[in-house]
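These notes concern the structure reproduced below.
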Amino acid sequence: MKKTPFALLITLGLLHTPLSALAATAPLDLVGPVSDYKIYVTEQLDLLADNTQQFTDAVKKGDLAAAKKLYAPTRVHYESIEPIAELFSDLDASIDSRVDDHEQGVKAPDFTGFHRIEYSLFSENSTQGLNELADGLSKDVQDLQKRVAGLTFPPEKVVGGAASLMEEVAATKISGEEDRYSHTDLYDFQGNVDGAKKIFDLFRSQIQQSDQAFAAKVDKNFATVDRILAKYRTQDGGFETYDKIKDNDRKALIGPVNTLAEDLSTLRGKLGLN
Amino acid sequence: MPTPASVTPPRAMRWAVAGSVIVMIAAGALFYYASQLAAAKRKAHSSEITVTIHPHSCEPDSLSVPAGVNSFRIVNASERAVEWEILDGVLVVEERENIAPGLSQVINATLAPGDYAITCGLLSNPRGTLHVTPTAQSQASAKARPSLVAFIGPLSEFRVYLNSQGNALITAVDALSQAIATGDLAQARALYLPAREAYQRLAPAAQRLAELDNAINARADYFEKREQDPGFGGFHRIEYGLFSQSSTQGLGVFAQQLHANAVLLKQQLLAQSLPPGQLVSIVARTLHNLADTRAGSGEEERYSHIDLSGFAANLQTTRKVVDLLRPLLAKNNAELLQRIDTASTALEAELNSFKTPQGYITYDTVSDLRRQAISNKAKALADALDGIDPALGL
């Protein structure tokens, strides 16, 4: 034995250093994915604006059944792009604030947007007195479209958005708190997950370059979440109400959702954006 | 039965034992070093700023911190889950959602000097203020050349612009092509203009793709037999047919080719990566070219004379680029930015002076003197733009 075990150990240790530590993403490689993300957000916003128009038209016409049906599929486009939408704090409050954000609850004059309308439609079973709220929502969504068009997306917000979407799922969707009157949380859930997965997919090749195993793990967890959610799909492509979700499925979602939130929170660092 | 003590360990074993002792000592030393390092890091974080959220207010509700990385510990002393945000105007700089009642969370934010607002729980609660003071380091970094990371945003946004303008070009060429297919000369003439405007917005970037750009935009001068040359195609071949020969006859095949090439152009523009140093130089080149030849000669649209709308479209893309770099330039060389804005306003005013309610007048009615004025203003802007790359260290 010529080599000392010490030298051998050191050599082994060096060999064990993950190569990922040495491979850094070149900043300009992120231009493609960041711009593709803006294109995705723009498309989602176009859908949001179109659907919101139909939704608010139904509300104003007093067509309660149609309005109830359109509520969740409309919102989903907001949920998928929340990392960008919620950068505009005033619009996020007027479009998507929940009753808890307001001291005077449902009576608060500044409680507007989706959840205020949801309250009337699903809790009071009525479209009465919603005209102004419907117009306001339409206007706010159009305003959001304009502002997003003029916004240069901060790359760290784009990349960080994947984790914040999954954190949102962990914090507000697993408990079934967001759509408390309509119980259509699974739409929002899927919207958040799709939005997070989109971001991950756009940066996939940069991530795989540095950490193949990480990418595989994230994929596996996304697949688990999607598989459980798919059980609750309805014939028309929608979702069952949240109270239908079985306890074992709810529990089975907690692990992958939290792991995704945690894993995706390392993306900024992995892509050199911290 | 021999006692174990009487057996001499083999030589290799003695080496191994010695080796593991050394490894253990080394590991111990490393552990000590790492824990010291971690302690030092914790110490750096101990300068956390605590903000307590009460049911109706924050405490403190007015903060002043130095620029750079700051850690805020948000303590939720209210009865509801709250979110905490740092706002620059209406824009969220940093936020943490769903801080549960009775718990606290830490937010690390990298802040540039300036005045921000902080949210304090319920939407109706008064907001607090956050004043970020400059430091020697923040002032130095404001003057330093921006890192490559700073160009990701502007370059991404320019790629998005190429995507939307590419779509606009395809749509406009499609409409033109349909008018030609139905033999509607008046309609085809009218639709040539918006299609050219869409192209002229892309022209600075399209010019990097030499061959494809020639197929789309080459003038008759570049072909041996000029208008009669079988290789002459693209926009100007169609323009020649519509405006010089006053007919849509035989233009269908050129329109179809142009449509296919417009689709290809969009694809290739999105596939090309544009280095930061080229973002400005491509628009500067287009404006220099405008100043040096196109303004004086009116050669570009020699059959339709719609040159002015093309110049305006070039200027729009130039402004887009300047706006994308505006935050970097404002920090780095505000005086240059001022000069660029002045020059671009002057060129726009000059072009606007040819506008009528029906659009721009045709270029054949613009005198040499006034063409010279356009050229001078385009040159002033192009020269100012040339200052950007050196100012940003590109």
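The values are calculated or read from the model by the stated rules, or taken from the named source; none is laboratory data. What you are looking at is a predicted structure, and each value in this text was computed from that prediction instead of being measured. Positions of Cβ are generated from backbone atoms using ideal geometry, with glycine treated the same way; all protein chains shown enter the neighbour counts. Only protein heavy atoms, including side chains, enter the accessible area calculation; ligands, DNA and RNA are left aside. Shrake-Rupley method; radii C 1.70, N 1.55, O 1.52, S 1.80 Å.
Residues in the stretch A:182-213 that are aromatic (F, W, Y) and either modelled with pLDDT under 95 or assigned to a helix (DSSP H, G or I) (or both): A:Y187, A:F189, A:F200.
Kindly indicate whether any position in the stretch B:131-139 is surrounded by fewer than 18 Cβ atoms within 10 Å (Cβ to Cβ), more than 14 Å from chain A (Cβ to nearest Cβ), of a type in the set (A, V, I, L, M) and part of a helix (DSSP H, G or I). I'd like the intermediate steps shown before the answer.
If we filter the stretch B:131-139 for residues that are surrounded by fewer than 18 Cβ atoms within 10 Å (Cβ to Cβ), which is where we start, we get B:131, B:133-139.
Pick out the ones that are also more than 14 Å from chain A (Cβ to nearest Cβ) and you get B:131, B:133-139.
Subset that is of a type in the set (A, V, I, L, M): B:136.
Cutting the leftovers down to part of a helix (DSSP H, G or I) gives us B:136.
So far as the stretch B:131-139 goes, yes, one or more of its residues are surrounded by fewer than 18 Cβ atoms within 10 Å (Cβ to Cβ), more than 14 Å from chain A (Cβ to nearest Cβ), of a type in the set (A, V, I, L, M) and part of a helix (DSSP H, G or I).
Pick out the one residue from A:D201, A:D219, A:D194, A:D211 that is within 21 Å of A:E240 (Cβ to Cβ) and either among the charged types (D, E, K, R) or in contact with a strand residue (DSSP E or B) (Cβ under 6 Å, 6 or more places away or on another chain) (or both). It is A:D194.
Of everything in the stretch B:140-176 that is away from chain A (no Cβ under 14 Å) and among the polar types (S, T, N, Q), the residue that is surrounded by the most Cβ atoms within 10 Å (Cβ to Cβ) is B:S141. Taking every residue in the stretch A:78-89 that is more than 10 Å from chain B (Cβ to nearest Cβ) and closer than 10 Å to B:V92 by Cβ and pairing it with any residue that is in a strand (DSSP E or B) and of a type outside the set (D, E), at least 6 positions away or on another chain, yields no pair with a Cβ-Cβ distance below 7 Å. Listed by first and then second residue, the pairs with beta-carbon distance under 8 Å, at least 6 apart or on different chains, first residue in the stretch B:252-268 and aliphatic (A, V, I, L, M), second not in a helix (DSSP H, G or I), are B:L258/B:G233; B:L265/B:L209.
Return the residue satisfying two criteria in turn: it lies in the stretch B:82-96 and is more than 7 Å from chain A (Cβ to nearest Cβ) and open to solvent by less than 50 Å² (accessible area, probe 1.4 Å), and of such residues it is farthest from B:H54 (Cα to Cα).
B:V93
Evaluating B:L162 against the criteria (1) in contact with a Gly (Cβ under 6 Å, 6 or more places away or on another chain); (2) assigned to a helix (DSSP H, G or I) leaves one unmet condition, (1). Cβ-Cβ contacts under 7 Å between residues 6 or more apart (or on different chains), taken from a first residue in the stretch A:119-140 that is in contact (Cβ under 8 Å) with a residue 40 or more places away in the chain to a second residue that is of a type outside the set (G, A, S) and open to solvent by 70 Å² or more (accessible area, probe 1.4 Å), are listed as A:N131/A:K60; A:A134/A:K60; A:S138/A:Q53.
Does B:A343 qualify as being touching a residue at least 60 places away in the same chain (Cβ under 8 Å) and under 26 Å from the mean Cα position of the chain (by Cα)? Don't jump to the end; show me each part of the working.
Details: touching a residue at least 60 places away in the same chain (Cβ under 8 Å): no; under 26 Å from the mean Cα position of the chain (by Cα): yes.
The answer is no for B:A343.
I'd like the full set of residues that are within 14 Å of chain A (Cβ to nearest Cβ) and part of a strand (DSSP E or B), limited to the stretch B:72-81. Selection gives B:N76 alone. When restricted to residues that are over 34 Å from the mean Cα position of the chain (by Cα) and not in a strand (DSSP E or B), the stretch B:100-119 contains 4. The residues of the stretch B:219-268 that are in a helix (DSSP H, G or I), at positive phi and open to solvent by 20 Å² or more (accessible area, probe 1.4 Å) amount to a single one, B:R226. Restricting attention to the stretch A:151-176, the residues being part of a loop (DSSP other than H, G, I, E, B) and at the interface with chain B (Cβ under 9 Å from one of its Cβ atoms) number 4.
List, please: which pairs have Cβ atoms under 7 Å, are six or more places apart or on different chains, and start with a residue in the stretch A:149-161 that is surrounded by 19 or more Cβ atoms within 10 Å (Cβ to Cβ) and end with one that is among the polar types (S, T, N, Q)? Pairs that qualify, where the first residue is surrounded by 19 or more Cβ atoms within 10 Å (Cβ to Cβ) and the partner is among the polar types (S, T, N, Q), are A:F153/B:S156.
Looking for whichever is of a type outside the set (F, W, Y) and farther than 22 Å from A:F200 by Cβ here; the options are A:S164, A:S138. Which one fits? Write out each step before concluding.
Working: A:S164 fails: farther than 22 Å from A:F200 by Cβ.
After applying the criteria, what remains is A:S138.
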